[in-house]
Amino acid sequence: MIEIHNLTKCFDQIKAVDEVSVAIREKTVFGLIGTNGAGKSTMLRMIAGVIRPDEGTVAVDNMPVFDNVEAKKRLFFIADEPYFFANANAGTMERYYSGVYEAFDREEFYRYLEKFNLDKNRKISTFSKGMKKQLALLFGICAHTKYILCDETFDGLDPVMRQGIKSIFAKEMEERGLTPVIASHNLRELEDICDHVGLLHRGGVLLSKDLEDMKCNIQKVQCVFASVDDEIKALNGLEILKKEQRGSLSTITVRSGREEVEARLATVDTVFYEVLPLSLEEIFISETEVAGYDIKKLILG
Amino acid sequence: MTSRNSFWASCRENHKRRIWVWIVALILQLLVYGGMTIVYLSRIRGYYEEGTYRTVQAFREAMYQAARDALGFSDNVFPFVIFLGAIIGMQGFSYLYDRRKVDLYHSVPVAKSRRFAAVYVNGLTIYFVSGMVGLLCGMILAGAQGAVNALVLADAGMAFLWNLLLFLVCYHMMILAVMVTGSRFVTVCVFLAFSLFEPCVYEICEAFSLDFYDTYAKSFTDSAPKFSAYYDCITYAGRLKDMTEVGEKAKVAFPIMGRWLLLAAVFLAFTWIAYRRRASEAAGKSIAFSWLKPVLKVAVGIPGALLIGALVYDASHNSETLMAMGIIVSAILLCAALEVLYAFDIRCIIKNLPSTGIVVVGALAIFCTFKWDLTGYDSYIPKQNKVESIAILLDCYYDEYWDENRQYIPADEYIKENMFLTDAEPVLALAQMAQQTDIGDMGQGRTLHVLYRLKSGREKVRRVAVDYNDPQTEAYLNRIFQSDEFQHGIFQMMTDENYCDGLTKIRYSNGPVRATIPAKEAEALRTAWIRDMEQFDFTMAKDVMPCGQITMDYADYSYRQWYVYDTFAETIACLEKNEAFYPAKLNAKDIDYITVTNYHNELMQEDMEIGIEAREAAQAYDVDYTVKETFSDQAQIEQILSASHSTYLVSPWGNYEGTENNYSVEVVFKKDSAYPYDRNAYYFNYEFIKGQVPDFVAEATEYIDIE
């Protein structure tokens, strides 16, 4: 587990990360969401042991990570712009990584390389941005570290590649307990990958929850009540996060289980009602609006 | 077999990233050693083919010397070594400038200490291996031409070590510069600041002391920069190259190399601390440590402003107002430039004004300290009871001094080692008088450089202005000159027991005569001269012209000279015994004719005062005022000889002021004269004694403007 406690980092009196405390459980895909400048990259670089926090701690399996080789052996960090040696090809980089990561699986690497149609003899500098990200991900996967930290790595990958990487992640999680930590400024990029999401804003964590928990505990209901009294009776006691009214049609977002909501609606007279599934985006909108933020402005643009 | 993640694996991996540095280093080292060997030896071969060397042995010796010049100490090599130290140091750690590289290197499971060690050792390896390859190549080339012997090997080995240590200093300095900065340009600036800081501060102190302190003297002090390898190279590399003895070279070179090693170790220690404390996020910033910005600003701004101020002072013909303005303006501009450099943003030109204020105030404070002598430098005279001994150097007397190996040593160095005046009173009295006298009124060449050795163990050096024409001054100087401590300290002949070693012959000359005395007479002559010197004092030195000069010639072509005066009875008797004494005064009947040249300096001086434009307007430029006249009349020759003195015997004590510098006198002997003058010379130079130019000479050499 990666435990982050009260992590703070300032750059020239600007707080990039402000007292963040998060726990990243093993065998889950942790998504770190935030706008540009929210502190995602800084946080990942601190988790990777690249930069030293001003305050707080990062512990990887109970080991401090900064300047600790043993902790770093369990991490592979893919920066937003991964660096490859000048004039290097995939083979050159493989030789480097297999030198520094003892568990690096060369055979697996070349197998994946072929599968992803990446030429091992071609200069990496001639690769497209997406190809470079794929290659960096393959290095990360084949390094066989317990944690892989991806900074905006999935942004810009085409759906086929995303699916391919996602399958590999799933397989590696299943086989050896890989824990990916993925930072992105785009909520939709992470929706189908992450198990747990942390939302960073202005250096602080707005929320950190399991996706399933969030989905189960928030319901969106479209309903036409027979009368105002029915509506008051049905909604009384429910935690309403959001309510929209168009004519007689009410769209209500409530924090509650699906069964409880349906049971409550069954007790009143309704012309029509339906409990709708919520997208990750809608869940975030609801959660953050409660906290007083406009999520659309934060991460959806 | 090494582990995939061992230190050597890290080194090997790092080498792959430094191929171009390997190539540059190898090319340079091959050029420096191999190229120079080819050029130097070819040149000697060319001379040989032209017949410059009479024997094969001479040619062989020249080849050895050429090989030593190419492979040994050289003042041409050190810029290459500095360049290699700088680029190897910068390239090795330049990954710290790039965030993407830092992300990679600092996230992989390789300890920072190991990464540092691998890059550092690789840098050394690149220099060492490329240097060895170059040296071996040079050796093979020299060996193939028979130009290698033990001396060449010893010289080359020592020079290689010298260059290696110089490399270490530059290498560490550059790595430290990389550690405290975040971009190449700023690194180069900081490297230059590190390199030039001490020499600059030294030069500034020197310039300000010379400009503002009347009593500042450089003699007796070893006030060269102590921590500048470049300064050492400029000062010593040429000297080491010229030295022939390996042991002597080692004596000079090893203490310097020891100092460099210490300097390199200090830089490395700072480098390591900076590396450990440097934040990864410093990549791309100008300065890696924010606290360093004001420190650098002050450290660069103040010396920079003072240096520019000193230049303005010289350029403005010593205007102190312009100097102060130059200091203020340059301090502000330097600070603004540094702020722009720190932020890579022209808008930051007036940022951090408090530190700019500190630089301006600091620079002005130093200027004021010198200008108004706030430290009391010029008024310093030690209390008599605090003085252990004194050494004085007269800028009007020149002698040559030699060490036990017959190597030349500077006068102040010799006097410092040998003169210990315990009678401090006359020197302190002269210093006291000097403070009440305006040095500008005295003209040049009238100062004593005084070294006060204090009982506390400290040493102070001051320049004391003295007026030779003042009777009180003359009395004090006579008291000093008459002391054995002074004479033993200034005349090496009096104390050097090894003066006979290598002595080949003794000569005596009154100008035209070159008489030879057997070397076995040296001790008798010396003893007589020392006894005669008991009558020597300042008045004699100032007012009396010597009548002759004794020269001792040595096997290594060095020589020593000492003067004989008319009153030196014992010396003259000894010379007469050896039939070598000839009076300074010549007999007119031996002279064929005398040519007198009047340079008319007074007319040239007038022209100078008119100014260039006026001279051009008057078309008076390039006028030759020289008037030459030959006198062959015996009576005239007699008068001229009575009024003149051999140039050969003028000026041991600066009494050149006792002769007329407007005239030169050329004395030509009759070919059939029995007088034993030097037949190799066509004429002999004489000078008129001040105020004794005969009227007929003045008239005959008067300048007449024919236009």
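The values are calculated or read from the model by the stated rules, or taken from the named source; none is laboratory data. The model shown is predicted, which means the values in this text are computed figures rather than measured ones. Don't worry about glycine lacking a Cβ; one is built from the backbone with ideal geometry, like all the others, and counts go over all protein chains shown.
Got at least one residue in the range A:57-65 being out of contact with any Ser or Thr (no Cβ under 9 Å at 6 or more places or on another chain), surrounded by 21 or more Cβ atoms within 10 Å (Cβ to Cβ), touching a residue at least 40 places away in the same chain (Cβ under 8 Å) and not in a helix (DSSP H, G or I)? Yes, the range A:57-65 contains a residue that is out of contact with any Ser or Thr (no Cβ under 9 Å at 6 or more places or on another chain), surrounded by 21 or more Cβ atoms within 10 Å (Cβ to Cβ), touching a residue at least 40 places away in the same chain (Cβ under 8 Å) and not in a helix (DSSP H, G or I).
Among the residues making up the range B:298-339, those that are more than 13 Å from B:V361 (Cα to Cα) and not hydrophobic (A, V, I, L, M, F, W, C) are B:G304, B:G309, B:Y313, B:D314, B:S316, B:H317, B:N318, B:S319, B:E320, B:T321, B:G326, B:E339.
Table: residues versus (1) surrounded by 18 or more Cβ atoms within 10 Å (Cβ to Cβ); (2) more than 9 Å from every other protein chain (Cβ to nearest Cβ); (3) touching a Ser or Thr at 6+ places or on another chain (Cβ under 6 Å).
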{"position": "B:R99", "(1), (2), (3)": "yes, no, no"}
{"position": "B:H106", "(1), (2), (3)": "yes, no, yes"}
{"position": "B:P109", "(1), (2), (3)": "yes, no, no"}
{"position": "B:K112", "(1), (2), (3)": "no, no, no"}
{"position": "B:V119", "(1), (2), (3)": "yes, yes, no"}
{"position": "B:T125", "(1), (2), (3)": "no, yes, no"}
{"position": "B:G131", "(1), (2), (3)": "yes, yes, no"}
{"position": "B:G134", "(1), (2), (3)": "yes, yes, no"}
{"position": "B:M139", "(1), (2), (3)": "yes, yes, no"}
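When each of A:N121, A:N89, A:N117 is tested for being more than 17 Å from B:V110 (Cα to Cα), in contact with a Lys or Arg (Cβ under 6 Å, 6 or more places away or on another chain) and among the polar types (S, T, N, Q), the lone residue that passes is A:N89.
Considering the range A:76-110 alone, what residues qualify as being among the small types (G, A, S) and at the interface with chain B (Cβ under 9 Å from one of its Cβ atoms)?
Residues satisfying the conditions are A:A79, A:A86, A:S98, A:G99.
Per this entry, B:Y120 is counted among residues that are in a helix (DSSP H, G or I) and over 35 Å from the mean Cα position of the chain (by Cα).
Scanning the range A:57-75 for residues that are within 12 Å of another protein chain (Cβ to nearest Cβ) and at positive phi turns up at least one hit.
Which one of B:L166, B:L176, B:L161, B:L210 is of a type outside the set (D, E), buried (at least 18 other Cβ atoms within 10 Å of the Cβ) and out of contact with any Cys (no Cβ under 8 Å at 6 or more places or on another chain)?
Result of the check over B:L166, B:L176, B:L161, B:L210: B:L176.
If you go through the range A:25-48 and pick out every residue that is of a type in the set (A, V, I, L, M, F, W, C), part of a loop (DSSP other than H, G, I, E, B) and more than 14 Å from chain B (Cβ to nearest Cβ), you end up with 2. Taken over the range A:243-269, residues that are buried (at least 17 other Cβ atoms within 10 Å of the Cβ) and either acidic (D, E) or in a strand (DSSP E or B) (or both) amount to 4. Among the residues of the range B:226-264, the ones that are farther than 14 Å from B:F73 by Cα, small (G, A, S) and in contact (Cβ under 8 Å) with a residue 24 or more places away in the chain come to 3 in all. For the range A:210-230, a tally of residues being of a type in the set (A, V, I, L, M), over 12 Å from the mean Cα position of the chain (by Cα) and either modelled with pLDDT under 75 or not in a strand (DSSP E or B) (or both) returns 3. All of B:T52, B:T37 fail the test of being hydroxyl-bearing (S, T, Y) and exposed (fewer than 14 other Cβ atoms within 10 Å of the Cβ), apart from B:T52. Just a yes or no: is a residue in the range B:507-516 under 15 Å from B:Q561 (Cα atoms) and hydrophobic (A, V, I, L, M, F, W, C)? Yes, there is a match, as at least one residue in the range B:507-516 is under 15 Å from B:Q561 (Cα atoms) and hydrophobic (A, V, I, L, M, F, W, C). Tell me which residues, restricted to the range A:69-107, are buried (at least 17 other Cβ atoms within 10 Å of the Cβ), assigned to a loop (DSSP other than H, G, I, E, B) and among the acidic types (D, E). Once the filter is applied, which keeps residues that are buried (at least 17 other Cβ atoms within 10 Å of the Cβ), assigned to a loop (DSSP other than H, G, I, E, B) and among the acidic types (D, E), the range A:69-107 yields only A:D80. The strands (runs of 3 or more DSSP E) found wholly in the range A:130-209 and carrying at least 2 residues that are surrounded by fewer than 23 Cβ atoms within 10 Å (Cβ to Cβ) occupy A:196-201.
When B:N498 is tested against (1) farther than 29 Å from B:V464 by Cα; (2) in a strand (DSSP E or B), just one condition goes unmet, and that condition is (2).
Here's the yes/no breakdown for (1) among the charged types (D, E, K, R); (2) part of a helix (DSSP H, G or I); (3) more than 17 Å from the chain's Cα centre (by Cα):
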{"residue": "B:D214", "(1), (2), (3)": "yes, no, yes"}
{"residue": "B:G238", "(1), (2), (3)": "no, yes, no"}
{"residue": "B:V252", "(1), (2), (3)": "no, yes, no"}
{"residue": "B:W260", "(1), (2), (3)": "no, yes, yes"}
{"residue": "B:V266", "(1), (2), (3)": "no, yes, yes"}
{"residue": "B:I273", "(1), (2), (3)": "no, yes, yes"}
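Taken over the range B:669-700, the criterion of being under 17 Å from B:V650 (Cβ atoms), surrounded by 17 or more Cβ atoms within 10 Å (Cβ to Cβ) and hydroxyl-bearing (S, T, Y) is satisfied by B:Y686 alone. Reported count of residues in the range A:96-109, each being out of contact with any Cys (no Cβ under 9 Å at 6 or more places or on another chain) and among the aromatic types (F, W, Y), is 1. If I ask for residues that are closer than 17 Å to A:A71 by Cβ and of a type in the set (G, A, S), which ones from the range A:12-46 would you list? Across the range A:12-46, the qualifying residue is only A:A23. On the stretch given as the range B:659-692, residues that are of a type outside the set (A, V, I, L, M), touching a His at 6+ places or on another chain (Cβ under 9 Å) and under 14 Å from B:A584 (Cβ atoms) total 3. Applying the criterion of being in a loop (DSSP other than H, G, I, E, B), of a type outside the set (S, T, N, Q) and within 14 Å of chain A (Cβ to nearest Cβ) to the residues of the range B:1-57, the residue that is nearest to the chain's Cα centre (by Cα) is B:R18.
Among the residues of the range B:400-426, those that are of a type in the set (D, E, K, R) and surrounded by 19 or more Cβ atoms within 10 Å (Cβ to Cβ) comprise B:D412, B:K416. With the structure loaded, tell me whether B:L421 is over 30 Å from B:Y563 (Cα atoms) and not hydroxyl-bearing (S, T, Y) or whether it fails that test. Answer is no for this residue.
Among the residues of the range B:454-473, just one is crowded, with 20+ Cβ neighbours inside 10 Å and among the polar types (S, T, N, Q), namely B:T473.
Of the candidates B:F208, B:F185, B:F194, the single residue that is over 26 Å from B:A265 (Cβ atoms), under 32 Å from the mean Cα position of the chain (by Cα) and either in a helix (DSSP H, G or I) or not small (G, A, S) (or both) is B:F208.
Just checking, does the range B:40-56 include any residue being touching a Ser or Thr at 6+ places or on another chain (Cβ under 7 Å), in contact (Cβ under 8 Å) with a residue 24 or more places away in the chain and within 28 Å of B:S130 (Cβ to Cβ)? Scanning the range B:40-56 turns up no residue that is touching a Ser or Thr at 6+ places or on another chain (Cβ under 7 Å), in contact (Cβ under 8 Å) with a residue 24 or more places away in the chain and within 28 Å of B:S130 (Cβ to Cβ).
If you check B:I358 against the conditions, is it of a type outside the set (S, T, Y) and either over 32 Å from the mean Cα position of the chain (by Cα) or assigned to a helix (DSSP H, G or I) (or both)?
It is true that B:I358 is of a type outside the set (S, T, Y) and either over 32 Å from the mean Cα position of the chain (by Cα) or assigned to a helix (DSSP H, G or I) (or both).
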